[in-house]
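Engineer: Sending over a structure as structure tokens; questions will come in a sec.
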Amino acid sequence: MSHQFLSPGPLPASLQLTPEGQLKHFLTIEGIPPLLLEAILDRAEQFIDIPSKKQRKAPLLRGKTVVNLFFENSTRTRTTFELAAQRLSADIINLDIRTSATAKGESLLDTIRNLEAMDVDMFVIRHQHSGAAHFLARYCSPEISVINAGDGNHSHPTQAMLDMLTIRQYKKEFPPLKVAIVGDIRHSRVARSQIHALNTLCAGEVRVIGPRTLIPAGIEKMGVNVFHDLDEGLDDVDVVIMLRLQNERMETALLPSAHEYYKRYGLTQDALKCAKSDAIVMHPGPANRGVEIDSEVADGSQSVIMQQVTNGIAVRMAIMSMVIASQAELHS
Ligand code: CP
């Protein structure tokens with residue numbers, strides 16, 4: 001598995017966009033024009049605005065079959081994709097990888113070929129290897145859309161979009177905002193996607209904060225300012241995004257101890273005072289309380305962490321409905 005922060009390779013725009021510039025697949029934020037990102041957020045808002053539970057089931061994916069392929073554990077992403085598909089009236093299958101033929105050595109490509117033979121319309125894939133979603137988009141039938149639900153340490157684009165929706169709900173406009181992303185930047189697919197999204201949407205300043213061992217060299221090229229001191233980095237920011245220490249992706253010990261990390265980089269109520277008084281606190285989850293964030297902050301009045309989770313359904317409904325609409329146009 002690659003532990004490089006950089007992309008598994010340049011993605012030709014034609015792989016994820018149609019000739020008309022619509023979403024065919026949703027693999028990475030990189031290369032998606034700002035108007036299209038805004039269109040996803042606007043569409044998600046429409047799903048949020050549906051007033052009653054009775055009316056919220058839309059027929060946009062009726063007759064379509066979506067397969068959730070989660071080769072890595074998930075609570076939020078898998079469940080919200082499932083709910084999103086159900087609310088769009090799709091048939092949704094959750095392939096249990098542990099009991100599937102993958103456990104007997106079947107390759108990803110063979111699994112895909114067999115699912116294609118069942119006439120599916122969309123794959124939602126999470127995989128421990130960077131580039132898995134791109135691979136699938138390249139080799140699956142042209143009538144199927146692929147959505148990346150997180151690949152290795154490369155990309156988690158739907159997470160970034162639900163984060164952008166949450167920021168827009170609380171802060172309205174991106175250009176005046178200072179946003180700090182704190183923690184294990186090196187191993188974070190979420191951070192990478194958030195940085196692309198924030199810069200595409202013209203956020204005023206994007207900062208990354210963390211120890212030298214957890215910030216990849218050359219990350220400034222992505223359009224961020226680097227800080228190694230938490231208080232300095234949080235000074236006057238509007239949005240604080242905390243990240244989990246991804247021990248499962250660390251090949252060697254990159255930190256003295258979780259306790260030492262918490263002392264220097266854990267978000268406590270005291271540390272949060274360095275940010276603007278109305279700053280919002282975000283975390284993609286799962287959160288390690290007492291490692292990167294104090295419970296008082298995670299559950300406090302500035303936390304919008306549960307709103308992020310709720311927004312995951314509308315954002316995923318928006319993206320799924322957009323890729324299916326563009327497929328219909330392509331093949332009509
Ligand atoms: N944020 C996120 O990807 O959470 P899960 O691992 O629970 O899906």
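Engineer: Please go through the range 221-250 and give me each residue that is touching an Asp or Glu at 6+ places or on another chain (Cβ under 7 Å) and either assigned to a loop (DSSP other than H, G, I, E, B) or open to solvent by 10 Å² or more (accessible area, probe 1.4 Å) (or both), ordered by number.
Structural biologist: Residues satisfying the conditions are N225, V226, L243, R244, L245, Q246.
Engineer: Another question, then. Evaluate the following for N153: is it at pLDDT 90 or above, surrounded by 15 or more Cβ atoms within 10 Å (Cβ to Cβ) and assigned to a strand (DSSP E or B)?
Structural biologist: Against the criterion (at pLDDT 90 or above, surrounded by 15 or more Cβ atoms within 10 Å (Cβ to Cβ) and assigned to a strand (DSSP E or B)), N153 does not qualify.
Engineer: Name the single residue that is nearest to the chain's Cα centre (by Cα) among those in the range 278-297 being away from the ligand (no atom under 14 Å from the Cβ) and closer than 30 Å to Q46 by Cα.
Structural biologist: V281
Engineer: Pick out the one residue from G290, G285 that is out of contact with any strand residue (DSSP E or B) (no Cβ under 9 Å at 6 or more places or on another chain), open to solvent by less than 30 Å² (accessible area, probe 1.4 Å) and of a type outside the set (D, E, K, R). If you could, list the steps in order and put the result at the bottom.
Structural biologist: Values: G290 fails: open to solvent by less than 30 Å² (accessible area, probe 1.4 Å).
Criteria check complete, one pass: G285.
Engineer: Regarding A318, is this residue in the same structural domain as L88 (by TED's automatic domain parsing) and open to solvent by less than 30 Å² (accessible area, probe 1.4 Å)?
Structural biologist: Values: in the same structural domain as L88 (by TED's automatic domain parsing): yes; open to solvent by less than 30 Å² (accessible area, probe 1.4 Å): yes.
The answer is yes for A318.
Engineer: Hey, another quick one. Somewhere in the range 249-270, is a residue within 16 Å of the ligand (Cβ to nearest atom), within 30 Å of I32 (Cβ to Cβ) and assigned by TED's automatic domain parsing to the domain that holds R168? I'd like the intermediate steps shown before the answer.
Structural biologist: First, pick out the residues of the range 249-270 that are within 16 Å of the ligand (Cβ to nearest atom): 249.
Imposing the further condition that a residue be within 30 Å of I32 (Cβ to Cβ) reduces the set to 249.
After this cut, where a residue has to be assigned by TED's automatic domain parsing to the domain that holds R168 as well, the list is 249.
Within the range 249-270 (the criterion being within 16 Å of the ligand (Cβ to nearest atom), within 30 Å of I32 (Cβ to Cβ) and assigned by TED's automatic domain parsing to the domain that holds R168), the answer is yes, since at least one residue qualifies.
Engineer: May I pose another question? Among the strands (runs of 3 or more DSSP E) contained in the range 36-141, which hold 2 or more residues that are over 27 Å from L198 (Cα atoms)? Steps first, answer last, please.
Structural biologist: Details: elements: 65-70, 91-95, 122-127.
Ranges flagged: 65-70, 91-95.
Engineer: Just name the residue that is farthest from the ligand (Cβ to nearest atom) out of those in the range 147-182 that are of a type in the set (D, E) and touching a helix residue (DSSP H, G or I) at 6+ places or on another chain (Cβ under 7 Å).
Structural biologist: First, pick out the residues of the range 147-182 that are of a type in the set (D, E): 151, 163, 173.
Adding the requirement that they be touching a helix residue (DSSP H, G or I) at 6+ places or on another chain (Cβ under 7 Å) leaves 151, 163.
Values: D151: 12, D163: 9 Å.
So, considering only residues that are of a type in the set (D, E) and touching a helix residue (DSSP H, G or I) at 6+ places or on another chain (Cβ under 7 Å), the one farthest from the ligand (Cβ to nearest atom) is D151.
The values are calculated or read from the model by the stated rules, or taken from the named source; none is laboratory data. Remember, predicted model here, so these are calculated numbers, not experimental data. FYI the Cβ positions are ideal-geometry reconstructions off the backbone, even for glycines, and counts take in every protein chain you see. Just so you know, the surface numbers come from the protein's heavy atoms only, side chains and all, with ligands and any DNA or RNA stripped out. Shrake-Rupley method; radii C 1.70, N 1.55, O 1.52, S 1.80 Å.
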